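Remarks on the structure that follows.
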Amino acid sequence: MVMPPLESLDSFLFSLSTTFSSPFYIFVQIQGCVICLLLAFGWACAACVRNREIKRINKSTRNGNSFAFICDDINELEHSNQVNLPRVTVIMPLKGFGEHNLHNWRTQLTSLYGGPLEFLLVVESTEDPAYHAVSRLISEFEGYVDARIVVAGLSTTCSQKIHNQLIGVETMHKDSKYVLFLDDDVKLHPGSIGTLAHEMEKNPEIFIQTGYPLDLPSGSLGSYCIYEYHMPCSMGFATGGKTFFLWGGCMMMHANDFRQDNYGIVSGLRDGGYSDDMTLAAIAGAHKKLITSPPVAVFPHPLATDLNFGRYWNYLRKQTFVLESYTTRVNQIMNRALFAVHCYLSWGFVAPYFMAMIHVAAALRFYVKGYSLEEMAYTYSGLSLASILATCTFAELLSMWNLTRIEVQLCNVLSPEAPPLSLGSYNWCLVFIAMLVDNFLYPISAIRSYFSQSINWSGIRYYLKDGKICKIERAQRSQDMGPVFTDLGGKHLYGKKGMPTKGSYLSSFISLSKGLVQWRKPKRFE
């Protein structure tokens, strides 16, 4: 092998290329290909489950059931059947007000569930911008929808979201059989609540029913990073039945489990609980309880149009911080194992592309310089592996595209009254870049969460000790306001007293006005 002239760039590329031509490089490249193929296979299986539901609904529609997007059997819509449906209480913990909130709340309040249904919209205080916005919306449905606002006050022993949920449980109707927890960024389909309740009635052994969001990127790199972060988890929610995964944005449970504190769910959430879904999933696992996810439980999730990279990073920090919370020793070990595996796979996914990039850059550089084939022989083995990695990456992106396409179709079938969603706005070059960025940053965020043991969540700083919240700090409104916006929804977190003094009234008015205008205007995704 002939050593190239020791020019700075050539020498550097030569050194890296020869280093990356070792057996370790071959192992890393093969590992990257395997990860890509496993993801492609998982998304293909998830696509089959979702596609089967589209075919079922379309077949039922062709057979004369015009309401197949609501129920399988049109006879279920008979009055004699509807009057026997169980009572459901929907609890929505609210925080802040953003561009998509009004539309999401409207899809929740206008559900076509035929049984008794009440909505409890729980806010921290009347100063929350969500309070006034949702009050106006509820007034529009007065006399048609049983909806009311509940002021929960400040949490002292758990996260504010969990506190709002538990206050909602305490005030729900005494005859409610099921309770459905929904995040305020969930866009429901007309038949979603009915489907969830029907599954609970069909199988009383179900402990929790859940669903999963379909992210609709707004165009920024941060929004694509969120989309890419959620996509691998979508495999666990597309089983068509039993699953070990749980998403806190949509959880239907037995109301009596909360009234009687069965399995310690109330005490587990109240006494130091940080994450509602992680805590309940741990309880379900400890007591061998059933978690299911219906194949039609996929919900459009439009991301904020101004979701910048900083807000994505804050969101990623919160997601990795979840692994620092736990309820039992077994749960801690499982979280640590997930921490290690996820970090290994994330950098194991990114490293092959970095090495392949070095080989491609070296080959191009030496070709331009006019080196002979013998002098560049060591780069060709690397280039052959890089080409295999590129093929596997294409298969992975194709499988991701196919699953997204099918989920978009399923959402359109389940919400025929809404403007159809489309894949036209997805930028797949940005998706690939987001895959590299997100997987590179995940271990960094996870390690930082491990050492910090504290997180700022919507303007509130939580501290953990032994996996539970031990301290809560709220910034003095007149001193340190903390973040003004939430991460994904771009929601204003503070009202008139909470916003900075300068332009407080004007900012609140502009925020609400923009939200109302965007709610009434047709959106690209809505």
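The values are calculated or read from the model by the stated rules, or taken from the named source; none is laboratory data. Model, not experiment: these values are computed from the prediction. Because the Cβ atoms are built from the backbone with ideal geometry, glycine has one as well, and the counts that use them run over all protein chains shown. Note: accessible area is taken over every heavy atom of the protein model, side chains too, but ligands, DNA and RNA are not part of it. Shrake-Rupley method; radii C 1.70, N 1.55, O 1.52, S 1.80 Å.
Some notes on this structure:
- Residue pairs meeting the criteria (Cβ under 7 Å; at least 6 apart or on separate chains; first in contact (Cβ under 8 Å) with a residue 60 or more places away in the chain, in the range 24-35; second open to solvent by 70 Å² or more (accessible area, probe 1.4 Å)): CYS33/ILE388; ILE35/LEU345
- Annotation: of all residues in the range 286-309 being in a strand (DSSP E or B) and either over 30 Å from ARG461 (Cβ atoms) or out of contact with any Phe, Trp or Tyr (no Cβ under 6 Å at 6 or more places or on another chain) (or both), the one that is most open to solvent (accessible area, probe 1.4 Å) is LEU290.
- All positions within the range 429-453 that are aromatic (Phe, Trp, Tyr) and surrounded by fewer than 19 Cβ atoms within 10 Å (Cβ to Cβ): PHE432, PHE440, TYR450, PHE451
- The residue that is farthest from ARG329 (Cα to Cα), among those in the range 247-271 that are open to solvent by less than 40 Å² (accessible area, probe 1.4 Å) and either part of a loop (DSSP other than H, G, I, E, B) or touching a Pro at 6+ places or on another chain (Cβ under 6 Å) (or both), is GLY249.
- For the range 36-85, the set of residues classified as under 30 Å from HIS342 (Cβ atoms) and surrounded by 18 or more Cβ atoms within 10 Å (Cβ to Cβ) consists of CYS36, LEU39, ALA40, GLY42, TRP43, ALA46, ALA47, VAL49, ARG50, ASN51, GLU53, listed by residue number.
- For the criterion of being under 23 Å from PRO213 (Cα atoms), open to solvent by less than 60 Å² (accessible area, probe 1.4 Å) and either in contact with a Ser or Thr (Cβ under 9 Å, 6 or more places away or on another chain) or at pLDDT 90 or above (or both), GLY153 fails.
- Hits in the range 251-273 (condition: touching a strand residue (DSSP E or B) at 6+ places or on another chain (Cβ under 6 Å) and of a type outside the set (Gly, Ala, Ser)): MET251, MET252, MET253
- Of all residues in the range 364-395, those satisfying the criterion of being at pLDDT 65 or above and touching a Phe, Trp or Tyr at 6+ places or on another chain (Cβ under 8 Å) are GLY382, LEU385, LEU389, THR393.
- Of note, TYR312 does not satisfy the criterion of being open to solvent by 10 Å² or more (accessible area, probe 1.4 Å) and under 30 Å from THR391 (Cβ atoms).
- ALA340, sole failed condition from (1) over 20 Å from the mean Cα position of the chain (by Cα); (2) within 22 Å of TRP457 (Cβ to Cβ): (2)
- Residue within the range 315-325 that is open to solvent by 30 Å² or more (accessible area, probe 1.4 Å) and not aromatic (Phe, Trp, Tyr) present: yes
Conditions tested, residue by residue: (1) among the acidic types (Asp, Glu); (2) open to solvent by 10 Å² or more (accessible area, probe 1.4 Å).
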| site | (1), (2) |
| --- | --- |
| LEU166 | no, yes |
| VAL169 | no, yes |
| ASP175 | yes, yes |
| ASP183 | yes, yes |
| LYS187 | no, yes |
| THR195 | no, yes |
| GLU199 | yes, yes |
| PHE207 | no, no |
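- Among the conditions (1) in contact (Cβ under 8 Å) with a residue 12 or more places away in the chain; (2) open to solvent by 40 Å² or more (accessible area, probe 1.4 Å); (3) assigned to a helix (DSSP H, G or I); (4) under 26 Å from ALA340 (Cβ atoms), the only one that ASN456 does not satisfy is (3).
- Check on THR171, more than 27 Å from the chain's Cα centre (by Cα), closer than 19 Å to GLY98 by Cα and among the hydroxyl-bearing types (Ser, Thr, Tyr): no
- The range 343-360, subset over 13 Å from GLN31 (Cα atoms) and open to solvent by 40 Å² or more (accessible area, probe 1.4 Å), residue nearest to the chain's Cα centre (by Cα): PHE354
- Within the range 268-296, residues that are closer than 18 Å to LEU464 by Cβ and charged (D, E, K, R) sit with their Cβ atoms under 8 Å from residues that are open to solvent by 30 Å² or more (accessible area, probe 1.4 Å) and part of a loop (DSSP other than H, G, I, E, B), at 6+ positions apart or across chains, in these pairs: ARG270/THR157; ASP271/THR157; ASP277/TRP247.
- With respect to the conditions (1) touching a Ser or Thr at 6+ places or on another chain (Cβ under 8 Å); (2) farther than 25 Å from LEU94 by Cβ; (3) of a type outside the set (Phe, Trp, Tyr), THR328 falls short on a single one, namely (1).
- Meets criteria (open to solvent by less than 10 Å² (accessible area, probe 1.4 Å) and farther than 20 Å from ASN101 by Cβ) for ILE162: yes
- The number of residues in the range 405-428 being of a type in the set (S, T, N, Q), open to solvent by 60 Å² or more (accessible area, probe 1.4 Å) and either part of a loop (DSSP other than H, G, I, E, B) or touching a Lys or Arg at 6+ places or on another chain (Cβ under 8 Å) (or both) comes to 2.
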